[in-house]
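Okay, structure first, notes after.
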Amino acid sequence: MSIFQELHDDVFELLNTKLPDTLKYHSPEHTAYVIEKAEFISRQENVGGRELFLVKVAALFHDIGFIKQRNNHEEAGCVICTDKLTKHNFDPKEIEIICGMIMATKIPQSPKNLLEKIVADADLEYLGTDLFYPISQNLFLEFKHFNPTLTIHKFDEIQANFMRRHHYHTNYCITHLEGIKQQHLKEIISTM
C-alpha cells in the first residue's frame, strides 16, 4: 500500500467517525472533492512529481482540524498532520510546506506560492462551477446549525459579500472559473 493510500485511509477513518454530522459542508465528501480538484488544478498548472504528492497530502489534511475544533481548524489540522507525517518519516521541510498549503485555505486566503495557490483554489473551486448551488445549500445547512435564526436571505447576503472579496489564485481557475463565479454572484444579488 502506498504512503498516500495509508494516510488517506487513516484521515477518512477520522473524518467518518469523528466529524460532527452537523457539518454538512465540511464533510468527508468535501475533502474527497478538494483532493480531486487539487490534483486536476496541479496538472493544469504543470505541477507533478513530488510536488503533486505534497499537494494531495495537503488537500487530504486541509480540514482534518474540524475533528478537534471549528475555529482555527487549520492550525489544529497542522498539528494533527505534523504528528501523522512525522510517524511516516516525512522530511520536516516537506511537513512545513504541507502546513503552508493547509494554512493557505484559511479565510481570507493568502497563499504565498504556487502550491498554496493550488490548494486554496481547490478548496473553493466549486464557486465557479455548476455545483455551486447544491454545495451552497450544504453550507447554508451547516451555518444554520450554528445560527438557528439564519434565513436564506441573510445567508445570501453573507455569501455575496464573501464572493465579492474572493478571488482565484491559479491561472487555470482565473481563466476558467472566475467568469462563472461572477455569474453566480449576479444571480444571488438579483434575488436579494
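Every number here is computed from the coordinates shown, using simple stated rules; none is lab data. Note that this is a predicted model, so its numbers are computed, not measured. Counting neighbours? That spans all protein chains shown, and the Cβs are built from the backbone with ideal geometry, glycine included.
Miscellaneous remarks
- Set Ser190, Ser136: member being surrounded by 14 or more Cβ atoms within 10 Å (Cβ to Cβ), out of contact with any helix residue (DSSP H, G or I) (no Cβ under 6 Å at 6 or more places or on another chain) and among the hydroxyl-bearing types (Ser, Thr, Tyr): Ser136
- One residue stands out in the range 144-153 among those that are part of a helix (DSSP H, G or I) and more than 19 Å from Pro28 (Cβ to Cβ): the one that is farthest from the chain's Cα centre (by Cα), namely His153.
- Check on Gln159, in a helix (DSSP H, G or I), in contact with a helix residue (DSSP H, G or I) (Cβ under 8 Å, 6 or more places away or on another chain) and buried (at least 17 other Cβ atoms within 10 Å of the Cβ): yes
- Filtered by the rule that a residue be surrounded by fewer than 16 Cβ atoms within 10 Å (Cβ to Cβ) and either acidic (Asp, Glu) or not in a helix (DSSP H, G or I) (or both), the range 3-35 gives Glu6, Asp9, Asp10, Glu13, Pro20, Asp21, Thr22, Glu29.
- Residue check, Gln69 crowded, with 20+ Cβ neighbours inside 10 Å, touching a helix residue (DSSP H, G or I) at 6+ places or on another chain (Cβ under 6 Å) and outside any helix (DSSP H, G or I): no
- Against the criterion of being part of a helix (DSSP H, G or I), under 18 Å from Phe40 (Cβ atoms) and polar (S, T, N, Q), Thr82 does not qualify.
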